[in-house]
Amino acid sequence: MKKLWGGRFTQTAEEWVDEFGASISFDQQLVLEDIEGSLAHVTMLASCGIVTEEEAELIKKGLYEIKEKAEKDELSFSVELEDIHLNIESLLTEMIGPVGGKLHTGRSRNDQVAVDMHLYLRNQVEHILDLITEMQKELVTLAEQHVETIMPGYTHLQRAQPISFAHHLLAYFWMLERDKARYIDNLNRINVSPLGAGALAGTTFPIDRYLSAEILGFDSIYENSLDAVSDRDFILEFMSASSILMMHLSRFAEEIILWSSQEFQFIELSDSFSTGSSIMPQKKNPDMAELIRGKSGRVYGNLFGLLTILKGLPLAYNKDMQEDKEGMFDTVKTVSGSLKIFAGMIRTMKVKSAQMEKATQNDFSNATELADYLSAKGLPFRQAHEIVGELVLICVQKGCYLKDLNLEEFQKASALFEADIYEALEPKTAVKRRNSAGGTGFSQVYHAIEKAKECMK
Ligand code: ARG
């Protein structure tokens with residue numbers, strides 16, 4: 001088959017060479033964006049008198065027909081035609097005749113592919129933002145039921161201080177809120193039109209780049225035609241924001257895995273988000289959480305892949321840049337899938353409140369309470385810390401916990417201890433009293449839930 005760019009060539013490439021160079025197997029995902037870009041371009045061409053209104057109408061009619069077929073999955077593409085752009089142009093010309101060839105006036109595949117990706121990512125980022133909000137809603141709904149459910153809070157994975165389970169859940173809400181802010185900021189660079197930059201230098205035709213940008217809903221145009229066709233920062237930013245999001249999901253996934261283990265027993269995942277073992281009948285594995293933890297790896301990989309592809313590329317377009325797409329598609333798919341699964345996992349998991357609470361009873365996570373108790377009575381905190389450390393040591397030696405010591409033993413350590421010390425040692429009291437802004441105290445958590453709901457409006 002003669003290539004669309006065949007004029008200069010005397011020989012055709014062999015099929016396996018074509019195959020290596022082609023992107024149609026993956027860039028066909030851009031079919032609708034490619035058509036949208038072309039519709040805007042031809043509207044602009046007609047408005048600037050570069051093609052006639054009749055020609056533009058014919059071209060648009062053809063494009064709409066192709067779009068309809070694409071939506072019904074009725075198009076078949078050819079590898080010889082390399083990519084989605086040449087495939088569509090060829091389908092169009094087949095359909096409406098040589099006038100189809102006028103569509104490419106004043107543009108190049110280099111600005112065309114860039115437009116497609118800007119349009120694609122705009123849609124996908126908006127979808128991902130919705131998915132994040134869905135997951136945040138699940139977190140808030142669960143948090144509302146568990147403000148006064150207490151659990152051990154950890155540092156170094158050692159029990160540190162008791163906290164409200166809702167407070168723990170809301171920590172992820174705020175991480176996701178930052179992820180959203182990063183994507184929203186990313187949209188500022190996505191929403192810029194490269195269309196009309198041509199191959200690299202602009203065009204001799206009297207085009208109106210502002211008009212095509214406006215039709216496509218872009219906020220502005222690239223100021224420099226070389227930059228317009230060479231820039232993939234907006235994809236890198238998307239991949240960075242996605243990497244951070246996946247890191248958050250991966251940390252949460254790890255906690256879900258720990259919490260559903262026999263050792264913790266803080267939650268039970270629903271059957272629909274777990275799997276069994278082919279050999280051990282008792283097993284219920286948190287596969288989905290593990291997969292999300294694992295999939296963060298491929299999202300980081302996609303980011304590093306693209307950074308490496310772009311490193312050292314001279315301006316402007318280089319074919320290396322065709323390698324930008326698969327990682328982008330894969331990141332979109334992985335992030336969207338992980339968010340959906342996570343929301344479902346949270347919605348359906350059973351929280352074992354009693355088990356969580358029990359875990360706060362038999363440990364030393366109330367030791368800080370004792371130190372705070374003493375320093376509230378005027379003892380410098382460092383001294384209080386020392387005294388409580390000694391009490392903990394006594395307990396360890398006796399094989400008991402702080403609440404098991406009698407008042408005499410407390411008072412031997414410090415005369416400041418009084419009978420109300422037992423109340424202060426209650427984990428629930430400890431949580432309730434941490435009422436500093438952003439702390440785990442119940443009234444703070446109720447307040448945080450209201451704030452979180454505000455954010456989702
Ligand atoms: N398939 C190409 C890509 O994805 C489109 C741009 C091709 N431009 C060119 N001059 N070969 O990057």
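Bear in mind these aren't lab numbers, they're just calculated from the coordinates by the rules spelled out. The structure presented is a predicted model; accordingly, all values stated were derived computationally and were not measured. When we count neighbours, we look across all protein chains shown, and the Cβ atoms used for this are built from the backbone with ideal geometry, even at glycine.
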Note down all Cβ pairs under 7 Å where the first residue falls in region 372-385 and is without any contact (Cβ under 8 Å) to a residue 40 or more places away in the chain, the second is outside any helix (DSSP H, G or I) and surrounded by 12 or more Cβ atoms within 10 Å (Cβ to Cβ), and they're at least six residues apart or on different chains.
-> LYS377/LEU416; LEU379/LEU416
Among the numbered conditions (1) farther than 23 Å from PHE218 by Cα; (2) touching a Pro at 6+ places or on another chain (Cβ under 8 Å), tell me where CYS48 comes up short.
-> (1)
Report, by residue number, each residue of region 67-105 that is more than 29 Å from the chain's Cα centre (by Cα), assigned to a loop (DSSP other than H, G, I, E, B) and more than 16 Å from the ligand (Cβ to nearest atom).
-> LYS72, GLU74, LEU75, SER76, GLY97, THR105
Taking helices (runs of 4 or more DSSP H) that do not extend beyond region 316-400, which have at least 3 residues that are closer than 30 Å to HIS118 by Cβ?
-> 325-348
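Let's see how each residue does on (1) of a type in the set (Lys, Arg); (2) under 35 Å from the mean Cα position of the chain (by Cα); (3) loosely packed, with under 13 Cβ neighbours inside 10 Å:
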| residue | (1), (2), (3) |
| --- | --- |
| MET356 | no, yes, no |
| LEU370 | no, no, no |
| SER375 | no, no, no |
| THR429 | no, no, no |
| ARG434 | yes, yes, no |
| ALA437 | no, yes, yes |
| GLY441 | no, yes, no |
| TYR446 | no, yes, no |
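Any residue that is in a helix (DSSP H, G or I) and surrounded by 15 or more Cβ atoms within 10 Å (Cβ to Cβ) - is there at least one of those in region 143-150?
yes
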Conditions (1) under 13 Å from LEU195 (Cβ atoms); (2) within 13 Å of the ligand (Cβ to nearest atom); (3) not hydroxyl-bearing (Ser, Thr, Tyr); number of the one not met by GLN28 | (1)
When region 146-161 is examined, which residues are found to be in contact (Cβ under 8 Å) with a residue 12 or more places away in the chain and either within 16 Å of LYS457 (Cα to Cα) or of a type outside the set (D, E, K, R) (or both)?
-> HIS146, VAL147, THR149, ILE150, MET151, PRO152, GLY153, ALA160, GLN161
